[in-house]
Each structure stands twice: as structure tokens, then as C-alpha cells.
1. Condition first: touching a strand residue (DSSP E or B) at 6+ places or on another chain (Cβ under 8 Å), part of a loop (DSSP other than H, G, I, E, B) and surrounded by fewer than 19 Cβ atoms within 10 Å (Cβ to Cβ). Now tell me which residues in segment 103-121 satisfy that.
2. Just checking: which of the strands (runs of 3 or more DSSP E) contained wholly in segment 131-234 hold 2 or more residues that are under 23 Å from residue 261 (Cβ atoms)?
3. Assuming residue 227 fulfils every condition listed in (1) more than 29 Å from residue 89 (Cα to Cα); (2) surrounded by 21 or more Cβ atoms within 10 Å (Cβ to Cβ) apart from one, which condition is it?
4. Give segment 240-270 a look and list any residue that's more than 18 Å from the chain's Cα centre (by Cα), buried (at least 18 other Cβ atoms within 10 Å of the Cβ) and in a strand (DSSP E or B), or say none.
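What follows is calculated from the coordinates using simple rules that are stated; it is not laboratory data. Just so it is clear, the model here is predicted, and its values are computed rather than measured. For neighbour counting, all protein chains shown are included, and Cβ atoms are generated from backbone atoms with ideal geometry for every residue, glycine included.
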């Protein structure tokens with residue numbers, strides 16, 4: 001999850017998805033202009049470490065090596081994953097999603113990794129007797145999760161926090177179809193590079209998810225550094241729609257900001 005976070009040990013501040021990072025790295029006299037690192041540096045401090053979604057030195061395959069704080073990116077319970085629908089298991093412990101969304105002021109940020117709506121107000125996801133507060137939602141193109149190997153053109157992640165070590169992320173796919181009202185209202189205001197757009201206009205968050213809340217559930221991680229394995233994932237089976245024009249324009253802004261699918265390993269995926 002282009003999920004982006006500032007992370008200090010187990011504390012995560014969401015200002016760029018779930019998921020952006022601003023960490024510092026000790027450097028010596030000569031530095032690499034791309035990563036601001038040297039071969040002799042200590043990698044214990046992740047401030048200012050450069051990471052990206054592009055293939056290469058700073059790309060997903062190397063996140064775990066960029067600094068000590070990103071080693072979880074090489075863990076065994078990473079996200080996203082591919083949902084193989086004929087292997088999804090049932091679980092009596094799963095329950096309906098109780099989404100209690102109201103409204104939020106408009107605060108849209110492009111942090112260089114994703115376009116993110118920072119949310120305000122009392123908006124929660126209730127899972128059993130645990131309440132998770134909605135912190136932000138952000139977008140990826142193409143989708144990070146796949147279904148039977150298929151990438152949807154866009155995936156949105158609603159990031160909820162119960163504690164520093166307990167997050168719940170609601171993932172919703174977008175497919176090509178009718179115009180999407182949220183994108184109709186705000187796509188022209190999305191910063192195309194790093195920047196922010198704010199407005200006094202409020203967003204009705206209760207209209208941002210489908211009526212059918214059937215989902216895939218599994219335990220995973222943030223999809224961007226530091227890739228902490230502290231996330232319960234609820235990915236809805238029913239996609240939303242957006243027009244081809246909207247998808248094409250938004251995808252150019254997001255610029256392939258998706259992490260490739262990670263191995264499931266010995267985890268189970270459950271369906272509700």
C-alpha cells in the first residue's frame with residue numbers, strides 16, 4: 001500500500017499513503033545523487049532514503065536493502081498478493097464490515113508516490129469490538145492486488161488505524177464503465193506533481209464504496225516502505241466504475257505506482 005508513511009520504530013504517520021517516507025541517512029563526503037548515500041554510510045537511519053516504484057536500484061525489488069528500517073520489505077507476510085479465487089477459504093470468524101463514514105474536508109496531496117486524500121472528522125471501520133479510525137485514502141494504478149492474475153486499472157486504499165501496530169486497510173478496485181462522481185468532482189484538481197489542493201467543500205465518504213461489501217481477507221503489510229507487517233487487509237470483491245477518460249488521465253498522474261504481487265507463503269486468504 002501507493003498506501004505512504006513516516007515511520008519511527010512502530011509509529012506511522014500517514015501523510016502520503018499509507019503509505020510516504022521521509023527518513024534521514026548518515027552520509028560522508030561523497031554521496032550518490034540519486035539516493036544521497038555512500039558505500040561507507042550507516043544504513044540505520046532512513047531519513048531521505050530515495051525509493052520508487054520503478055525497476056532499478058531504488059525499486060521494489062531493492063527496498064529491503066535501502067536502509068535498516070526497510071528490512072521488513074523482505075519479510076514473509078508482505079502485500080500485495082494475488083487472489084486465486086478457487087483457493088479462497090471460508091471462515092466463521094469473519095463478519096460484515098461495519099463502515100461508519102460521514103464527511104470530510106477536502107485535502108488532496110500528491111507526495112510523489114501517490115495521490116492521497118487526508119480525511120478529517122469521525123469516520124471509522126468497526127471490526128468486532130475494535131474501532132479503526134480512517135486516516136486517509138490513496139490510489140494506485142494499476143491495482144496492487146490482482147484477482148486470478150488480473151490487474152484492475154486503479155485500486156484505492158482506505159487506511160484505518162487502531163494502534164501503531166494494528167491497521168486495517170479497505171481496498172477497492174476500479175473498472176472501466178460509467179463516470180466516477182469523486183473523479184468528476186476532483187480529478188482536475190489532483191496535483192500532477194508534488195503539491196496539495198485544499199477546499200472548503202466537504203466529501204461524502206459514505207458514497208465512496210459499493211453496496212456489496214463482500215471481501216477477501218488476509219494478514220499482510222504496508223505496500224510501501226517501511227513495509228511493516230501490521231495490516232489486516234479487506235479487499236472488496238465488487239469494483240467501482242470510472243470512465244476510460246478518467247482512468248487514462250488519473251493513471252498518467254499515478255505513473256505505475258504499484259508494487260508487484262508478493263508471495264503468499266504459508267498465509268491463508270479467506271472470503272466473506
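1. Of all residues in segment 103-121, those touching a strand residue (DSSP E or B) at 6+ places or on another chain (Cβ under 8 Å) come to 103-110, 114-121.
Retained after the next criterion (residues that are part of a loop (DSSP other than H, G, I, E, B)): 114, 119-121.
Passing the criteria: 120, 121.
2. Working: elements: 154-163, 166-176, 195-204, 215-220.
By residue number, 154-163, 166-176, 215-220.
3. (1)
4. Of everything in segment 240-270, just one residue is more than 18 Å from the chain's Cα centre (by Cα), buried (at least 18 other Cβ atoms within 10 Å of the Cβ) and in a strand (DSSP E or B), namely 242.
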